Amino acid sequence: MRVALFITCFNDTLFPDTGRAVVTLLERLGCRVEFPLGQTCCGQMHFNTGYQPECVPLVRRFTEVFDGYDAVVSPSGSCTAMVREYHGRVAEVAGDERLAEAVRAGPPVYELSEFLVDVLQVTDVGAYFPHRVTYHPTCHSLRMLGVGDKPLALLRAVQGIDLAELPAADQCCGFGGTFALKNADTSAAMCTDKVRHVLATGAEVLSAGDNSCLMHIGGSLSRLRTGVRTLHLAEILAATRESPVRKVKSA
Amino acid sequence: MSDSTYLGMPPFPEAARTALGDTQLRSNLAHATDTIRRKRAAVVAEVDDWEELREAGRAVKERTLRHLDTYLVRLEERVTAAGGQVHWARDGAEAGRIVTELVRATGESEVVKIKSMATQEIELNETLAEAGIAAYETDLAELIVQLGDDHPSHILVPAIHRNRAEIREIFVREMGAYGTPAPDGLTDDPARLAEAARLHLREKFLRAKVGISGANFLVADTGTAVVVESEGNGRMCLTLPETLISVVGIEKIVPSWQDLEVFLQLLPRSSTGERMNPYTSTWTGTTEGDGPSTFHLVLLDGGRSDTLADRIGRQALNCIRCSACLNVCPVYERVGGHAYGSVYPGPIGAILGPQLRGTDTLLDRSLPYASTLCGACYEVCPVKINIPEVLVHLRAQVVDEGRERRVPKAERMAMAAARWVLSDPARLAAAQRTGALGGRLLSRRGRIGRLPGPLSPWSDTRDAPSPARESFRAWWKRTH
């Protein structure tokens, strides 16, 4: 099976450790992962902010770059949802029938937890992470992709982990892409409640399948000097006794 | 496009900022939405085929809207045959004129009203007041809003922003000016407050010669109007007056009683969190010696035909005004209904308002952005309106209109620049190197506390991560 990693522009630029963790994890599970260097962005920021024509070249590039692979895996629920739910719409609105056909014919795109549980059919990925962790199910992975409790099943199988249930977990953290800038006050109010729930768990680490939400909640956790770290699901699942996550070494 | 938002309403973010600072409002809303969310979840969980019911609701609405012309003509025939009169109103102003003339023709100067979104949408009370006609709201929460000279902030529970101490104050202060005053020594005990409202309203019910309502549904096959309610005030308004005038949006139609059955299951569980609402009133034209002897049905377009023409936006017309989307919306829960600036707040308001009214005002252009697109609204909607999909669609409309004129230039330029960078991996790699350098200049210990210019709203309350020294693609190239 030819598996391509879609890192997302956001992770590529701001959270490369997540991408490295995905590669480590998938290789440990026996996959050969390829990273097509022509990839850039799924177009979500433009699409969700109302700039739909701007998405057309991004969607076209995506279909060209990932054409021919058996599966695409991405460490982001919201970017995966953008590709699966809306790439067809972008092509349709642009009236580009060839692009629409290319989108339809493209390989299946999986969010990381879906790929592990549904495609590789593993829940115990051989990870070791001896820390108290709570997990925030991001809105797009929860409601658009319907990943259900796959991420939690993966986390529960991690050796040494002390998994704490997050109260009101399904409430949005208030990120919402450009919402965080356009409606900064409401966004902050939502984030404050999420932070309150995270702190109530007593967790050292907040994890999620989207670094965008983690950047938002983590930005507030950091500003408030709470001492709680954020870590993408992939980085916890990649951690082993032999190579722990460097960022949490001191915890 | 004739119907306005509340006069002088600022764009959503500004109104939200004010609301977020109101600690009493925040606590009232958090308590009320949490309570009603739990109730809804409990009664929905009882229904084994809830998802099938939702799908049936969506399908009935879509089929009806596809053949709306046929059903509307059928309805008019049946209502007329049953002794009612049907009037067609292009917009709110026309509906207001029709109703005013109908009331004038009775010679009356006051009317009692059942809670109705359509009459609020067209600002009927204000129109009637200008003609010297007093319209009394008889729903308890609408009474609170009216006596408080306030705006409703929720579709189902319009006084959700008030707690009972505030309600007591309003009753004591205002009731006497409009009729039976509040009893002496009124406390904020809910039963005592309800009794005060009952005494105040009873006088109005018994005196009124004209009732004005909306309708939750219109059954085309028989020409029947349907109102579901909880307090019995509706039943009073529908049966006691001599003349009944119902103002109803053209999308409220269902073909048959079999279709109606689906919605009578979906609506109460979604809205009040009850298995069944206490009162369901149905009336077909007029009946000699039973209820009003004159019945007028005013069918309102008010932007609905335009909405119907939009392939993606038209699903907003499926709405049965249950308000489940408001109760689960994390934005609504924190800012309340007034920030949405019209009678339709919350997620449904953010897609319905800008479609019915158009996107001419700053407020209406801001509403499609009043959402994180978290999807909680879509998940609970009993008629499966994909609200996030419509929000994004309307954002595109706002941006496309603004390309010619009004969108802030900085955003458009930033989006164009981002598209240019993201269209080419070499440009992206170059931008990453530049960003990493800039980030290092701004950051302290891997965190950025203050971002420049348009990004500053982020760093007002949140630290930002420093761009990585080595991007993922740079690492991959170096190691593979």
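Laboratory data are not the source of any read-out in this text; all were calculated from the coordinates shown. Because the structure is a prediction, the values reported are computed rather than measured. As a convention, Cβ positions derive from the backbone with ideal geometry for all residues, glycine included, and neighbour counts pool all protein chains shown.
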query: Taking residue B:209 as the anchor, which aspartates and glutamates have their alpha carbon closer than 19 Å to its alpha carbon, excluding any fewer than eight residues away along the same chain?
result: B:101, B:108, B:110, B:137, B:139, B:242, B:288, B:290
- prompt: Counting other Cβ atoms within 10 Å, which GluC sites (Glu not before Pro) in the range A:147-251 have at most 13 and lie in a DSSP loop?
  reply: A:165, A:242
query: Quick one: if you stick a label point 7 Å off each Cα along the C-beta vector at residue B:221 and residue A:28, how many nm between them?
result: 6.2
query: Using the alpha-carbon centroid of each, what span in Å lies between the range B:277-313 and the range B:80-129?
result: 12
field: Orphan Cys of chain B, criterion: no other Cys C-beta under 4.7 Å
entry: B:237, B:319, B:322, B:329, B:381
Length added when fully stretched, residue B:239-residue B:199, from 0.36 nm per residue minus Cα-Cα: 12.5 nm
statement: For the pair residue B:460 and residue A:124, the simple spin-label estimate (label points 7 Å beyond Cα toward Cβ) gives in nm 5.1
task: Could you calculate, for the protein assembly as shown, the ratio of the Cα radius of gyration to the Kirkwood radius, expressed as Rg to Rh?
output: 1.01
- prompt: Considering only DSSP beta bridges with both partners in the protein assembly as shown, what is the antiparallel share in %, to the nearest 5?
  reply: 25
- request: For a label point 7 Å from the Cα of residue B:109 along Cα→C-beta, name the residues of the range B:143-181 whose backbone N is under 17 Å from it.
  value: B:177-179
task: Report, to the nearest 10°, how far helix B:425-442 tilts away from the longest principal axis of the Cα atoms in chain B, using its own Cα long axis and a range of 0 to 90°.
output: 90
task: May I ask you to derive the FRET efficiency for residue B:417 and residue B:31 from their Cβ-Cβ distance with R0 = 45 Å, giving the value to the nearest 0.05?
output: 0.50
task: Quick one: what are the phi-derived ³J(HN,Hα) couplings along the range B:37-51, Karplus 6.51/-1.76/1.60 with θ = phi - 60°, whole Hz, x for glycine and proline?
output: 4, 5, 4, 4, 4, 5, 6, 6, 5, 6, 9, 5, 9, 4, 5
query: Once a ≥ b ≥ c are taken as the square roots of the eigenvalues of the Cα gyration tensor of chain A, is the result rounded (a/c under 1.5), prolate (a/b larger than b/c) or oblate (a/b not larger than b/c)?
result: oblate
- prompt: With a ≥ b ≥ c the root eigenvalues of the C-alpha gyration tensor of the range A:3-119, is it rounded (a/c under 1.5), prolate (a/b larger than b/c) or oblate?
  reply: prolate
statement: Per DSSP loop assignment and a cutoff of at most 10 other beta carbons within 10 Å, chain B keeps its longest run without exposed trypsin sites (Lys or Arg not before Pro) at B:1-310
Degrees between helix B:346-357 axis and first principal axis of chain B (Cα, 0 to 90, nearest 10): 80
- line: In this structure, the FRET efficiency calculated for residue B:447 and residue B:410 from their beta-carbon separation, with R0 = 25 Å, to the nearest 0.05, is 0.50
message: Taking the 0 to 90 degree range and rounding to the nearest ten, how far is the long axis of helix B:190-207 tilted relative to the main principal axis of chain B, both from C-alpha atoms?
response: 50
Gap separating the Cα centres of the range B:413-450 and the range B:160-232, nearest whole Å: 58
- prompt: Taking the Cα-to-Cβ direction at residue A:241 and at residue B:426 and moving 7 Å from each Cα, how far apart do the two end points lie in nm?
  reply: 4.9
Cα-based reach from residue A:182 at 12 Å (exclusive), listing aspartates and glutamates while leaving out same-chain residues under 8 positions away: B:14, B:411
field: Cα-Cα over 24 Å, subset of A:194/B:409; B:252/B:384; B:384/B:409
entry: A:194/B:409; B:384/B:409
statement: Only helices counted: for the protein assembly as shown, with every DSSP H run of 4 or more residues adding -39500 (n - 2.57) and the sum spread over all residues, [θ] at 222 nm is -14500 deg cm²/dmol
- line: In Å, the Kirkwood hydrodynamic radius from C-alpha pairs for chain B sits at 24.5
- request: Quick one: what are the phi-derived ³J(HN,Hα) couplings along the range A:77-83, Karplus 6.51/-1.76/1.60 with θ = phi - 60°, whole Hz, x for glycine and proline?
  value: x, 6, 5, 4, 5, 4, 5
